[in-house]
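Single-structure report; data block below.
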Amino acid sequence: MDNNSKVQAIISDDPVRWRLLELVRSLNLPDCWIGAGFVRNAVWDYLHGRDSSPVSTDVDVIWFDTQRCSPEEDEALEAALRSLDPTVIWSVKNQARMHVQNGDEPYLSTTDAMRYWPETATAVAVRLREEGTCEVAAPLGLDDLFGLIIRPTWRFTTAKKAIYQDRFKSKNWMAIWPLLTLASAPLPHAPYVKAT
């Protein structure tokens, strides 16, 4: 089984994460995914031989629409999701506007925006297809995620290095998942890899 299929199986076997994906799909947002720790933590738990950790931190809903770029739009979507499940801390961000906050060139899509996230293992997202299967987006690949490697993406080894270092300290990943290792070399600017 390849790593893409493993992500699909891990998420499909997690009834809590699956239900949250169904709630997000009900919004019918364009180019919409749940990413970051939602997927990363589930995979790391699986590789550590554990049941999936509870979804206790924010659930990162990412989408892309150049015509609906206001923060108020995202806030309204967060409120809609809270009404569907108030036990979750929802974070909704239209990636069509996030390049401004992040100091990057405009993103072309949600998956393109993920290439600019801090770590390779974090740059992964999932969504439900209409036929009820799980689709995976991993523009930087899945090797580091399944290799239990924490590696900064190219901008976070130079211009944004301090942000990466602060994230690494605050997240305490090495204590939570002791099989993790730090990358010995940074990831160069990676080519775009299409969602599968």
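Brief remarks follow.
- D65-E135 pseudo-label distance in nm [points 7 Å out on the Cα-to-Cβ vector]: 1.6 nm
- Karplus-derived 3J(HN,Hα), 6.51/-1.76/1.60, for each residue of the range 77-94, Hz, glycine and proline x: 5, 4, 5, 4, 5, 4, 5, 7, 8, x, 7, 9, 8, 8, 10, 10, 9, 6
- The label-point distance for T57 and R19, in a model that sets each label 7 Å from Cα toward Cβ, rounds to 2.2 nm.
- Percent RCO, i.e. relative contact order, over the chain, from Cα pairs under 8 Å lying at least 6 residues apart: 21 percent
- Distance (nanometres) between label positions extended 7 Å along Cα→Cβ at A162 and A80: 3.8 nm
- Cβ-based net charge around A162, under 14 Å, with every Lys or Arg adding one and every Asp or Glu removing one: +4
- DSSP beta bridges in the chain [antiparallel fraction, %, rounded to 5]: 60 percent
- R0 of 30 Å, Cβ-Cβ distance D2-L179: FRET efficiency to nearest 0.05: 0.90
- The range 84-113 residues near the modelled S26 label - backbone nitrogen below 20 Å, point 7 Å along Cα→Cβ: 84-93
- Rounded to whole Hz, the Karplus (6.51, -1.76, 1.60) HN-Hα couplings of the range 149-164, x for glycine and proline: 10, 9, 9, x, 6, 4, 5, 8, 9, 10, 4, 10, 4, 4, 5, 4
- For Y107, the residues 5 or more places off, or on other chains, whose built amide H falls under 5 Å of its own are H99.
- The packing ranking of peptides 18-27, 112-121, 70-79, 148-157, highest mean first, is 112-121, 148-157, 18-27, 70-79, where packing means the average number of other beta carbon atoms within 10 angstrom of each residue.
- For the range 122-160, the residues whose amide N sits under 20 Å from a probe point set 7 Å from the Cα of N172 along the beta carbon direction are 150.
- Shown in residue order for the range 102-118 are the 3J(HN,Hα) couplings computed by the Karplus curve 6.51 cos²θ - 1.76 cosθ + 1.60 at θ = phi - 60°: 8, x, 10, 5, x, 7, 8, 6, 4, 5, 4, 4, 5, 5, 9, 6, x Hz (x for Gly and Pro).
- If you take the Cα centroid of the range 1-64 and the Cα centroid of the range 114-150, the two points sit 10 Å apart.
Laboratory data are not the source of any read-out in this text; all were calculated from the coordinates shown. On a predicted model such as this, the values are computed, not experimentally measured, just so you know. Virtual Cβ from ideal backbone geometry, glycine too; neighbours counted across all protein chains shown.
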